[in-house]
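**Student:** Dropping a structure here in structure tokens format, bear with me for questions.
The values are calculated or read from the model by the stated rules, or taken from the named source; none is laboratory data. Everything numeric here is computed off the predicted structure, so don't read it as measured data. No Cβ is skipped: glycine too gets one built from the backbone with ideal geometry, and neighbour counts run over all protein chains shown. Accessible surface is based on the protein model in full, side chains and every heavy atom, while ligands, DNA and RNA are left aside. Shrake-Rupley method; radii C 1.70, N 1.55, O 1.52, S 1.80 Å.
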Amino acid sequence: MQLETRRVQLIFLILCLSSLFINARPFLIVISQDDLKDGAPPDDSSDSANSDSADWDEFGEPESQNSALELDPGSWRPIFEPDSLASASDSDAPQDLYYTALGKMMSAVSSGDLRLMEDAVADIDQAVADNGDPHAQSVLGLLYGMGIMKETNKAKAFMYHHFAAEGNKQSKMALAYIYFRQEMYEKAVKLYAELAEVAINSLLVSKDSPVIEPVRIHNGAEENKQALRKSRGEEDEDFQILEYQAQKGNAGAMYRIGLFYYFGLRGLRRDHAKALSWFSKAVEKGEPKSMELLGEIYARGAGVERDYTKALQWLTRASKQPSFTAYNGMGYLYVKGYGVEKNYTKAKEYFEKAAENDESGGHYNLGVMYLKGIGVKRDVKKACTHFIMAANAGQPKAFYQLAKMFHTGVGLKRNIPMASALYKLVAERGPWSSLSRWALESYLKSDIGKAFFLYARMAELGYEVAQSNAAWILDKYGEQSMCLGESGFCTDAERHQRAHSLWWQASEQGNEHAALLIGDAYYYGRGTDVDYDRAAEAYMHAKSQLNAQAMFNLGYMHEHGLGLPFDLHLAKRYYDQALELDPAARLPVKLALVSLWLRKNHADSFLVHVIDSLPEVYPKIDAWVEDVLLEEGNATILTLFACLLTVLYLRERQRRQAAVRAAAAAAEAVPPLHPNDHLPPQN
């Protein structure tokens, strides 16, 4: 496809959780002819010049197996995965006071122990005062930003994150998000570019891990039970059934379990030893996908001694099945010269075979070759085409390359806001995203306080799903959320305000449900004063994200002149748009249109007055049902009374049916009269 003559549309779908969840709207990018630079940059490189340059790092280096503490200094991992410290070097060992305080903090938010929380905060203050510990400063940034055992002070939060950012990646994420929200893109792009590079270095080498989105624990008003059930790891019934099938010799089940352990899917912790065991059993039964992953394991040295010869053998066997992703791994070995003589021509052939069969890694690696002029004539436009194909398939490294092109103006016109957004998407895949897994594990163990605290930390780093989850926990669990304010547990007003702030941040990032909830809060006065103008503003924001409920609400507000001008024509337009967007809205829209017709043609009729009185009557009925019918004692009595009425009804029905049957039986027992029986006797 020639980018000079055709308009290229690039759609990146960024999903926090799967299509079953209520997600933020898709992130839409359109690359048109205007985005392309006229002419390619000068070809100042040759094949030989690039063969050993640092640009090769775009493929990833298996030797650079940095520990989690190296990639994410001050990581909270030692608190949640203490076994991970077994292989840490002395330089990676956690700082005693900082981690002691962090451990106390986690215990305090779990138990609601205010005294323990005060001790933890005092230890954090001491760590900052003693030596300016950047990790302790990062925690202070969180405490001041959220108003946890400190007065809410955004300026102090910014200051602590600013000073911590050089040594703490999580503070750098928080700082970048602050700049991003304020549209200070020149500053945001610099920080997100550095973080995205760390994230890319943490990904797997020849076959990227599936992008594991943070799980959305709710689907709007209710808990997302299906997603949570699939995140219970070895306790999940489906996993236990799959494990049983694998133990009985099912090769497909063996492969899937190995995959879960290798990538850490379905709530399982990564375990390369278990993955290797299951893949080895699967290949004995001829399972082809396991062959490819064994090649990956030996190439990376994941749980085994690195052996490129074995890696190539397994990848070659997999490619003959065929497994097209295996071609990408083979091309990687040839382009790097691992276990074989370096051969760019052969590498390109393998990458092309993978790309021809829609393998995103093949497209990505071809893009790198054309971008850098490695083994081919440099062609930035071809590189852009391949990166677009890979990004459409969700390849994180392709997002990174396109972000760099927008950032530097190589191949694409410089676009700093776009570069910032793409870098942000990649940066959110960094090692600090483990916070999401620990939050989910805490939630599944009913440790709501710890789950909220972890999601609040992620919310500060700019994760939309975490902002949504934290807000939902506050609304759903109330006091059980262990929400902490300046001097103790949050009041109802403080909790509502904090939830409102989190929902608004999620709304800014495209969560239509969040904007809808904010509108409802202002409309009904939930945790705030009734404000129809601000409700309309929030509904407008949700409407811009194509939310059918928001459109219906705007129609209703126009119909009644609440926060919006009284306008029946606009009301009908919004009702119609809601129906076009969501066919399930047919009944409420039809009823609303009937109301519009009555209001237009019989403005002062009795029916219009009845309709207008419904908003006042409904809350009273709802309150009566909740306070009287649903009160525990009354509900029990009413249930027993209903059961008694049901029994009496069924017995009476049974009695009547028995009487009918008896009458029918008696009628059958009487012999029929002969016609002549009624005639008088003849003489």
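**Student:** Give the ranking of 304, 189, 530 by solvent-accessible surface, highest area first, calculated with a 1.4 Å probe. Could the numbers behind the result be given before it?
**Tutor:** Working: 304 35, 189 5, 530 80 Å².
I get 530, 304, 189, largest accessible area first.
**Student:** Per residue, how many Å² of accessible area does region 216-416 show with a 1.4 Å probe? Spell out each step's value before the answer.
**Tutor:** Values: 8390 Å² over 201 residues.
With the other protein chains kept in place, region 216-416 gives 42 Å² per residue.
**Student:** Would you work out the relative contact order for region 216-416, in percent, from Cα pairs under 8 angstrom that are 6 or more residues apart? Show your work: numbers first, answer last.
**Tutor:** On the way: 313 pairs, mean separation 17.7, N = 201.
RCO, region 216-416: 9 percent.
**Student:** Also: For region 351-494, what is the relative contact order in percent, using Cα pairs closer than 8 Å and at least 6 residues apart in sequence? Don't jump to the answer; show the numbers that get you there.
**Tutor:** On the way: 177 pairs, mean separation 16.1, N = 144.
Over region 351-494, the number comes to 11 percent.
**Student:** Counting only residues 5 or more places away or on other chains, whose amide H sits under 5 Å from the amide H of residue 484 once H atoms are built in the peptide plane?
**Tutor:** 490
**Student:** Separate question: Of 274/397; 190/450; 248/274; 248/281, which ones are farther than 21 Å apart at the Cα?
**Tutor:** Numbers: 274/397 28 Å; 190/450 32 Å; 248/274 17 Å; 248/281 12 Å.
Table pairs above 21 Å Cα-Cα are 274/397; 190/450.
**Student:** Let me check I've understood the local charge: for residue 132, count other residues with C-beta under 13 angstrom from its C-beta, Lys and Arg +1, Asp and Glu -1. What total comes out? Intermediate values should be presented prior to the final figure.
**Tutor:** Values: positive: none; negative: 125, 130, 133, 166.
So the surrounding residues net to -4.
**Student:** Given a 1.4 Å probe and every protein chain left where it sits, what share in percent of the accessible area of region 216-416 is carbon and sulfur? If you can, show how the numbers build up before the last one.
**Tutor:** Numbers: 3760 of 8390 Å².
That fraction is 45 percent.
**Student:** OK, next. Rank by packing, highest mean first: peptides 268-276, 411-419, with packing defined as the count of other Cβ atoms within 10 Å averaged across residues. All intermediate terms of the calculation are to be shown ahead of the outcome.
**Tutor:** Values: 268-276: 17.0, 411-419: 18.7.
The densest-packed peptide leads the list: 411-419, 268-276.
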